[in-house]
There are 2 protein chains.
Amino acid sequence: MTELLTALRAIVGDSHVLTGEADRAPYEADWRGRYKGRALCVVRPGSTEEVVQVVRACAERGVAMVPQGGNTGLVGGGVPHTTGNEVVINLSRLNRVRAVDPVNNTLTVEAGCTLATVQAAAVAHDRLFPLSLASEGSCQIGGNLSSNAGGVHVLRYGNTRELTLGLEVVLADGQIWDGLRGLRKDNTGYDLKHLFVGAEGTLGIITAAVIKLFPQPRARAVAWAAMESAEAAVALLSEVRAACGERLTAFEIVGHAALELVLQHIPGCSDPLRAPAACYALIELSDPAADAALQEMLQTVLSAQMEAGRVSDAVIAASGAQIAALWALRENISEAQRKEGISIKHDVSVPVSRIPDFLRRADAALREAFPDLRIVAFGHVGDGNLHYNLSKPAAAENADFVAQTAVVNRLVHDIVVGLGGSISAEHGLGQLKREEITRYKSSVEMTLMRSIKQALDPHGLMNPGKVL
Amino acid sequence: MTELLTALRAIVGDSHVLTGEADRAPYEADWRGRYKGRALCVVRPGSTEEVVQVVRACAERGVAMVPQGGNTGLVGGGVPHTTGNEVVINLSRLNRVRAVDPVNNTLTVEAGCTLATVQAAAVAHDRLFPLSLASEGSCQIGGNLSSNAGGVHVLRYGNTRELTLGLEVVLADGQIWDGLRGLRKDNTGYDLKHLFVGAEGTLGIITAAVIKLFPQPRARAVAWAAMESAEAAVALLSEVRAACGERLTAFEIVGHAALELVLQHIPGCSDPLRAPAACYALIELSDPAADAALQEMLQTVLSAQMEAGRVSDAVIAASGAQIAALWALRENISEAQRKEGISIKHDVSVPVSRIPDFLRRADAALREAFPDLRIVAFGHVGDGNLHYNLSKPAAAENADFVAQTAVVNRLVHDIVVGLGGSISAEHGLGQLKREEITRYKSSVEMTLMRSIKQALDPHGLMNPGKVL
């Protein structure tokens, strides 16, 4: 292994091969502290060509590689195992914006650009890159691509997958696949980019991408609406979409318990409505036309829905500050829940039409099995994606609560899959759900996935033990 | 082989195994008469389960299969070779709409549904399925999926790929992959559906799909604008998109020669503007809000562009009849060109920003090599996709003209690829471009495609000799 370290140092320079325990530490654990591995070393290549040489050096010696971006993942996909014989390839130094084409509405960016850098490059050319996540200051676009990141604007713009036109990938044997095409239409064979997007680094290392830009929104309106049921929220979604079409940029649901936690734990947050309700919808419209009458449009559709008895009360933000205040209620839920204590989280999706069924079934099953659990449900209802989290009962011990995780997961996931849903809507499989997924995917699908892995990484060196 | 025929008859019934020459003939040739093959037989299964049994019967005997939908393809992808030992599996009898979910905005349809049937099922639930093609009355959704069909609304809604959420596929060994999920977010492993979409039946047989629906447009406005260059058209596209955002449903370019052919050959068509120009843009806006002031929006942006000198003249349709008349100028180009005589066609794409470069270079190269060729350029400039067609010089003999096809193709394709483009934007590779693509794709990419083919169809029985 000393010989491999020598080879790696010759490729990237001594200072970019980290071997000391303290130097390696930030790259060996995820930010939530759920996964702590140990790597042979951490290599920080500075260019695609250096990635090629690093991969070749590892592949020739049969050494496994763990590609890593900003290390903000939630499922342990970018963290090494504890064996001490994997090389972490951190892409942070590949951080150039290679090209901007405002007429083609594309950016060509390297994997190590932070999402915030990518967003800023778009804004500098009066365009929007719509992917937006809580971790955007530190997560990197290569990680967003490898995990097919979602976020609050998927409803309108799609997941990272749908925002991608082309990729550059270093394959398991160190060859470069140059698929950096900026084309909206290209029917010349199998669509390889879609294999690498969302593969969590198990099929190759994404080193650069061509991503889509959109016109900057110039008008924006946000409403907060209260209703008595998830059925009403889903029905409201249909009405808003029919009335507003693609102006609808976000439609988030917030359960009463989630709002309560935010009001309790986050300073400066207040309930925008007078009376409590079972659930709330945060609705955002945006439009590139600066004079679009979006507030009036929201007013019209919400008034009609109040008359129809579907919405009990609603408020439309009258200023940018009020827009920020309404969004803060949604964006602080995770933080408020963290302050409340530990929780068991689920990142699930079902068809939008089954959201009420899911909540009804899951709530009932959990209340029966664990009467004191507190259900904190919220999320991207416009995508059928809920963060269905369970807070520790106030009286319970942490250890007792955590011990129930597997049972709770099983109960929730069985209901999700029974409704045609997914047990990982946004976050991926990584290490966290690698075993769990084998319960739900057919053997046909698992076999297909394994044959693709075998075809692209026959020696199993790319991020082994993740996803599959 | 008699024994295979007996087995197939036992599966689908005697009347659905066609062996007579006259019975087979419509399935053995493409509609343009460019490809004429000979099949062992044509089988018409009536259900996914029958497809499974047919595939197993063929696979067990090592017999190659050619999946076929409405047989409207342009590259020979659904037509058997001339060997007489392939089985055509025609999916027309799998023509049920299995489910409609207006709240989830999805349809579950079988492969043999015509596109028109799918569109009508959406409309029956007050929704839009936006894929729209000249052949929509006879092409089938399974073929649209297998060829990743495009059309005039890709700019706004994407290709068939982007309209697909889930698939059911019968694999090369007769197993069913049930990926019929109606989810907007699902990050549980490799995205297999994107492998089968656009694979032209070489990796398995798509038997059903979950596809996306959209709100019905209730307002629509169409303009026809004249300008002096492709540069001006591309700049106009940027301006219209910035002003109108997602309301922009189509932005088509029509070269002067293309308009001339339509005016000459298509009865009832007339030039909507007073003076001829180098090229024209057909611009369509639509909006689900019935009171959207789309004509005013077009008026504003076009007036500003006329003042800026980019647009020389423009007309905005004042009625549905005028909208139809403007679209007729675009939609009749192929027919007019057919009436004019034979032509050499190209279905190419480049980044939108390179459209003017492409036209300048290709026009110049062709005028030098073939001074009398008539260049008929038009297409989906909003997607960077041009149909760059060449009509026979009036004085030339057909045979002499056709003999130049390979030289002309090479010249055009080299320029396309030099600009980062694709030699098959919409139509696929099939038999037509299977050789040609090996000139332009890297050996890395060809090897990746072959390893995926090998992984999913190890015996090479699914539509061999197409794509790869």
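Key figures for this structure:
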quantity	calculated
Per-residue ³J(HN,Hα) for the stretch A:66-74, Karplus 6.51 cos²θ - 1.76 cosθ + 1.60, θ = phi - 60°, Hz, x for Gly and Pro	10, x, 9, x, x, 6, 10, x, 10
In Hz, Karplus ³J(HN,Hα) per residue of the stretch B:16-25 (6.51, -1.76, 1.60; θ = phi - 60°; x = Gly, Pro)	10, 10, 9, 10, x, 4, 5, 5, 6, 3
Of every Cα-Cα pair in the stretch B:61-123, the percent that sits beyond 16 Å	56 percent
Inter-label distance, nm, simple model (7 Å from Cα along the C-beta direction), B:Asp178/B:Ser15	3.1 nm
Assigned charges on the beta-carbon of Lys, Arg, Asp, Glu; the stretch A:2-90 dipole about Cα centre (debye)	280 debye
Percentage, to the nearest whole number, of Cα pairs in the stretch B:341-434 over 23 Å apart	20 percent
Within the stretch A:16-35: backbone nitrogen closer than 19 Å to the A:Ile342 label point (7 Å, Cα to C-beta)	A:30-35
Label geometry 7 Å along the beta-carbon vector: B:Glu60 inter-copy distances in nm	5.1
Label point 7 Å beyond Cα along the C-beta direction, distances from A:Val402 to other copies (nm, shortest first)	7.7
Cα-based helix-to-principal-axis angle, A:355-369 vs chain A, degrees rounded to 10	90 degrees
Distance histogram for the stretch B:2-90 (every C-alpha pair counted, 10 angstrom bins, percent rounded to whole numbers)	19, 55, 25, 2
Residue exposure sequence - B:Lys453, B:Lys345 - by fewest surrounding Cβ within 10 Å	B:Lys345, B:Lys453
Net length gained if the chain between A:Arg96 and A:Arg38 were fully extended (0.36 nm per residue, minus Cα distance)	18.0 nm
Qualifying lysines (Cα of each under 20 Å from Cα of B:Lys339; at least 8 residues distant if same chain)	B:Lys392
Amide proton proximity set for A:Val152, modelled H, under 5 Å, gap of 5+	A:Ser132
Rounded to 10°, Cα long-axis angle of helix A:48-60 versus longest principal axis of chain A	60 degrees
Linear extension gain, A:Ala124 paired with A:Asn398, 0.36 nm per residue minus alpha-carbon span	93.9 nm
Sparse-neighbourhood loop sites, GluC sites (Glu not before Pro) in the stretch A:190-239 - DSSP loop, at most 11 other Cβ within 10 angstrom	none
Helix-only [θ]222 nm of the protein assembly as shown, DSSP H runs n ≥ 4, -39500 (n - 2.57) each, per residue, nearest 500	-10500 deg cm²/dmol
Cβ-derived FRET efficiency at R0 41 Å, B:Glu49 paired with A:Glu231, nearest 0.05	0.70
Net charge dipole size for the stretch B:263-395 [Lys, Arg +1 and Asp, Glu -1 on Cβ; Debye, nearest 20]	580 debye
Paired Rg and Dmax values of the protein assembly as shown, which use every Cα atom, in angstrom	28.1, 93
At 7 Å out from Cα toward Cβ: A:Glu231 inter-copy label distances (nm, ascending)	6.2
Percent RCO, i.e. relative contact order, over the stretch A:341-434, from Cα pairs under 8 Å lying at least 6 residues apart	43 percent
Residue among B:Gly37, B:Ala22, B:Gly460 farthest towards the positive dipole end of chain B, charges placed on Cβ	B:Gly460
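FYI, it's all coordinate maths here, none of it is from the lab. Just so it is clear, the structure is predicted and the values come from calculations on it, not from any experiment. Please note: Cβ atoms are built from the backbone with ideal geometry, for glycine as well, and neighbour counts cover all protein chains shown.
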